């Protein structure tokens with residue numbers, strides 16, 4: 001049965017006083033906090049924020065390279081706003097991604113203070129790409145707190161130039177203006193597709209969801225690992241995202257002992273260009289024709305609920321599944337505030353803080369057909385950080 005999990009709406013109030021706490025932070029502690037900057041795409045908190053969110057999204061040339069970017073972004077945002085507002089209205093009037101990220105950050109702080117007392121106190125900050133708190137706001141808050149050491153943590157487990165790359169480009173661009181003297185020393189958790197904690201939490205959520213099927217049908221339920229698609233133009237220039245998503249799927253299935261048949265599929269395609277497939281809606285239709293009825297959706301590239309899980313999967317694909325007679329269509333619970341997930345985050349950050357290497361080996365390597373010079377400059381900046 002389709003589960004819309006409306007309890008997420010009530011959690012939006014979490015962290016309402018975070019900004020006032022932040023303003024007091026520097027005066028209540030003698031040591032500046034070690035910052036963990038949680039990077040993600042963000043989402044509109046209410047329907048009035050939908051158009052600004054869309055305009056920021058369409059203005060990002062790293063994500064959607066289009067001619068006359070700024071002019072086109074305004075036009076596209078205005079045209080699509082009514083439809084997108086309807087989608088957000090269907091899931092409670094806005095995105096819960098901020099409240100989930102705030103909760104993840106608070107839990108992470110507590111774990112890190114115990115796990116890495118030598119770098120305590122730790123404080124989480126949020127740098128969304130398309131909605132508040134945006135990167136400039138976050139950096140201003142960090143400067144008020146006197147931050148000298150920071151870890152940029154990508155909440156995209158699998159790296160893409162369109163997601164993590166775009167967030168790091170934005171961070172680097174604003175650091176040139178807001179911290180020109182490089183007073184903050186940075187390191188980066190830029191990808192973690194096969195981290196044991198990530199694999200474990202996905203596996204546990206899948207095992208829990210499989211228990212909802214009748215025992216005699218359970219082993220035949222098809223596991224559909226769904227991730228946000230990419231235009232083939234991005235894939236063909238050498239973006240590592242498809243390989244890293246597949247690596248996560250492989251490790252999760254190994255952890256499950258290959259208990260069920262499975263496929264990796266792709267969602268959220270827009271526009272007429274060729275995108276990485278197979279597309280999720282076509283997959284559902286195809287398996288319906290093949291007589292399958294038990295399909296378990298696993299959003300393998302998302303770490304918290306937002307529009308692409310709560311509306312696209314639960315509502316749109318849920319309706320399609322019902323139309324096609326897929327009576328066993330379900331979705332696994334998102335990672336959100338699962339303690340196993342928070343432990344994985346804490347492990348990644350603590351290891352990065354104790355490492356002398358500011359970035360992974362992979363981050364320094366540009367796509368073989370990359371034409372974005374700022375991408376190369378950003379990589380050089382973070383790779384060149386001196387950690388003492």
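There is no residue in the stretch 287-302 that is surrounded by 22 or more Cβ atoms within 10 Å (Cβ to Cβ) and assigned to a helix (DSSP H, G or I).
The set of residues in the stretch 52-84 that are under 21 Å from the mean Cα position of the chain (by Cα) and buried (at least 17 other Cβ atoms within 10 Å of the Cβ) comprises 53, 54, 55, 56, 57, 58, 59, 60, 62, 63, 64, 84. Does at least one position in the stretch 283-290 carry a residue that is in contact (Cβ under 8 Å) with a residue 24 or more places away in the chain and on the phi > 0 side of the Ramachandran plot? For the stretch 283-290, residues in contact (Cβ under 8 Å) with a residue 24 or more places away in the chain and on the phi > 0 side of the Ramachandran plot: absent.
Only residues that are surrounded by 17 or more Cβ atoms within 10 Å (Cβ to Cβ) and either closer than 19 Å to residue 37 by Cα or in contact with a helix residue (DSSP H, G or I) (Cβ under 6 Å, 6 or more places away or on another chain) (or both) were counted across the stretch 361-374, and they come to 2.
Tell me, yes or no, whether the stretch 339-349 has at least one residue that is under 25 Å from residue 173 (Cβ atoms) and part of a loop (DSSP other than H, G, I, E, B). Within the stretch 339-349, not a single residue is under 25 Å from residue 173 (Cβ atoms) and part of a loop (DSSP other than H, G, I, E, B).
Residues that are modelled with pLDDT under 95 and more than 18 Å from the chain's Cα centre (by Cα) do not occur anywhere in the stretch 238-257. Kindly indicate whether residue 352 is under 21 Å from the mean Cα position of the chain (by Cα) and outside the structural domain of residue 225 (by TED's automatic domain parsing). Yes, satisfied. Just the residues that are outside any loop (DSSP other than H, G, I, E, B) and in contact with a strand residue (DSSP E or B) (Cβ under 7 Å, 6 or more places away or on another chain), please, taken from the stretch 256-283. Of everything in the stretch 256-283, those that are outside any loop (DSSP other than H, G, I, E, B) and in contact with a strand residue (DSSP E or B) (Cβ under 7 Å, 6 or more places away or on another chain) turn out to be 262, 263, 264, 265, 266, 267, 275, 279, 280, 283. A count restricted to the stretch 326-359 and to residues that are under 26 Å from residue 243 (Cβ atoms) and surrounded by fewer than 17 Cβ atoms within 10 Å (Cβ to Cβ) stands at 4. Remark: pairs (first residue in the stretch 364-388, without any contact (Cβ under 8 Å) to a residue 40 or more places away in the chain; second residue part of a helix (DSSP H, G or I); Cβ separation under 6 Å; 6+ apart in sequence or on different chains) = 364/379; 364/383; 366/376. Quick check on the stretch 323-336. Is at least one of its residues part of a helix (DSSP H, G or I) and either in contact with a helix residue (DSSP H, G or I) (Cβ under 8 Å, 6 or more places away or on another chain) or assigned by TED's automatic domain parsing to the domain that holds residue 219 (or both)? Checked against the condition, which is being part of a helix (DSSP H, G or I) and either in contact with a helix residue (DSSP H, G or I) (Cβ under 8 Å, 6 or more places away or on another chain) or assigned by TED's automatic domain parsing to the domain that holds residue 219 (or both), the stretch 323-336 yields at least one hit.
The values are calculated or read from the model by the stated rules, or taken from the named source; none is laboratory data. Nothing here was measured: the structure is a model prediction, and the numbers come from that model. In this analysis, Cβ positions are derived from the backbone assuming ideal geometry, glycine residues included, and neighbour counts consider all displayed protein chains.
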